[in-house]
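Chemist: The structure that follows is given in the form of structure tokens.
The values are calculated or read from the model by the stated rules, or taken from the named source; none is laboratory data. None of the values given here were measured: they were computed from a predicted structure. Here the Cβ positions follow ideal geometry from the backbone for every residue, glycine too, while neighbour counts run over all protein chains shown. Heavy atoms of the whole protein, side chains included, go into the accessibility calculation; ligands, DNA and RNA do not. Shrake-Rupley method; radii C 1.70, N 1.55, O 1.52, S 1.80 Å.
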Amino acid sequence: MTDAELVVRIQSAVVAIRSRIADVGGDPDRVRLVAVTKGHSGAVVAAAAAAGLCDVGESYVQELVAKVFALESRTALEGGGDPPPLRWHMIGQLQRNKVRQAAPHVSLWQSVDRLSLAAEIAQRAPGAAVLVQVDVAGRPGRGGCAPERVASLVEGCGDLGLRVGGLMTVGPQGPPEAVRAGFRVVRDLADQLGLEERSMGMSADLEAAVAEGSTMIRVGTALFGPRNGLPGVGK
């Protein structure tokens with residue numbers, strides 16, 4: 001597949017996703033798409049940018065940083081100029097000792113789930129934009145703080161000088177109503193705290209998330225297919 005063909009494929013996927021958003025009453029122009037490129041190459045990230053997707057989500061710091069430099073090298077080989085204008089989102093569980101490496105590149109830290117992590121981000125990236133991750137599924141290893149602790153963590157982040165724009169969650173598994181109920185918890189918390197952003201929903205559950213007020217969805221499979229389905233994909 002050529003670069004041009006890849007861009008067209010991604011553009012078609014974006015149209016399909018925006019149609020899904022509209023079908024459940026969402027505004028496709030106001031729900032932001034974050035392209036989750038975990039496991040894909042820098043070439044796929046460049047194609048996503050060429051297709052108009054400027055928000056890119058990564059789960060692992062090492063992979064994010066490698067792609068930043070890969071895109072810079074790609075741009076230089078193609079004749080110079082600036083690399084694609086991307087906003088990198090850190091969406092995975094984050095260890096404090098990885099913050100320093102990611103700080104020069106991350107535009108939005110979506111997975112802040114404890115005050116010690118917030119303090120490290122505040123030290124390495126003063127005034128950074130963050131979302132507080134809420135655990136509505138109760139699944140070990142997925143990150144997030146308990147709903148009853150969200151208000152105090154939001155306050156703590158603000159005290160550290162971080163800009164808390166909203167909340168983020170990974171939806172629970174189960175029947176549609178259970179999924180929607182999880183997203184509703186986050187929506188209600190955001191309303192109570194006066195926060196605008198609700199990063200909720202991925203490829204499989206974006207309809208439920210949008211129906212419950214998501215302003216940002218994190219989409220990988222619906223854009224790119226499985227991680228072994230496009231050129232340059234990691235195993």
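Chemist: Name the residues in segment 179-202 that are loosely packed, with under 14 Cβ neighbours inside 10 Å and free of Cβ contacts under 8 Å to residues at least 24 places away in the same chain, would you?
Modeler: The answer is D188, D191, G194.
Chemist: Here is a further query. Considering each of R20, R32, R74, R9 in turn, give the residue that is surrounded by fewer than 21 Cβ atoms within 10 Å (Cβ to Cβ), basic (K, R) and within 30 Å of L117 (Cβ to Cβ).
Modeler: R32 is the lone residue from the list that is surrounded by fewer than 21 Cβ atoms within 10 Å (Cβ to Cβ), basic (K, R) and within 30 Å of L117 (Cβ to Cβ).
Chemist: What are the residues in segment 155-170 that are open to solvent by 60 Å² or more (accessible area, probe 1.4 Å) and either assigned to a loop (DSSP other than H, G, I, E, B) or polar (S, T, N, Q) (or both), if any?
Modeler: Passing the criteria: only L160.
Chemist: Which one is surrounded by the most Cβ atoms within 10 Å (Cβ to Cβ) among residues in segment 39-63 that are out of contact with any Lys or Arg (no Cβ under 9 Å at 6 or more places or on another chain) and closer than 16 Å to I91 by Cβ?
Modeler: Among those that are out of contact with any Lys or Arg (no Cβ under 9 Å at 6 or more places or on another chain) and closer than 16 Å to I91 by Cβ, it is A48.
Chemist: Shifting gears a bit: For R218, only one of the following conditions fails: (1) open to solvent by less than 20 Å² (accessible area, probe 1.4 Å); (2) at negative phi; (3) in contact with a helix residue (DSSP H, G or I) (Cβ under 8 Å, 6 or more places away or on another chain). What is its number?
Modeler: Going through (1) open to solvent by less than 20 Å² (accessible area, probe 1.4 Å); (2) at negative phi; (3) in contact with a helix residue (DSSP H, G or I) (Cβ under 8 Å, 6 or more places away or on another chain) one by one, R218 breaks only (3).
Chemist: Given the structure, is R114 basic (K, R) and modelled with pLDDT under 95?
Modeler: Against the criterion (basic (K, R) and modelled with pLDDT under 95), R114 does not qualify.
Chemist: Of all residues in segment 26-63, which are over 20 Å from V170 (Cα atoms) and part of a helix (DSSP H, G or I)?
Modeler: Matches in segment 26-63: G42, A43, V44, V45, A46, A47, A48, A49, A50, Q62, E63.
Chemist: Exactly one condition in (1) out of contact with any strand residue (DSSP E or B) (no Cβ under 7 Å at 6 or more places or on another chain); (2) at pLDDT 95 or above; (3) assigned to a loop (DSSP other than H, G, I, E, B) is false for L195; which is it?
Modeler: Unmet for L195, out of (1) out of contact with any strand residue (DSSP E or B) (no Cβ under 7 Å at 6 or more places or on another chain); (2) at pLDDT 95 or above; (3) assigned to a loop (DSSP other than H, G, I, E, B): (1).
Chemist: Take the residues in segment 119-136 that are within 18 Å of M216 (Cβ to Cβ) and of a type in the set (A, V, I, L, M); name whichever of them is surrounded by the most Cβ atoms within 10 Å (Cβ to Cβ).
Modeler: V132
Chemist: Now, a different point. Of the residues in segment 137-148, how many are touching a strand residue (DSSP E or B) at 6+ places or on another chain (Cβ under 9 Å) and either surrounded by fewer than 13 Cβ atoms within 10 Å (Cβ to Cβ) or not in a loop (DSSP other than H, G, I, E, B) (or both)?
Modeler: Summing the residues that are touching a strand residue (DSSP E or B) at 6+ places or on another chain (Cβ under 9 Å) and either surrounded by fewer than 13 Cβ atoms within 10 Å (Cβ to Cβ) or not in a loop (DSSP other than H, G, I, E, B) (or both) in segment 137-148 gives 3.
Chemist: Now for a different question. Quick one: which residue in S116, S111, S152 is buried (at least 17 other Cβ atoms within 10 Å of the Cβ) and of a type in the set (S, T, Y)?
Modeler: Result of the check over S116, S111, S152: S111.
Chemist: Since K67 meets every condition but one in (1) under 25 Å from V99 (Cβ atoms); (2) in a helix (DSSP H, G or I); (3) open to solvent by 30 Å² or more (accessible area, probe 1.4 Å), which condition does it not meet?
Modeler: If we test K67 against (1) under 25 Å from V99 (Cβ atoms); (2) in a helix (DSSP H, G or I); (3) open to solvent by 30 Å² or more (accessible area, probe 1.4 Å), just (3) comes out false.
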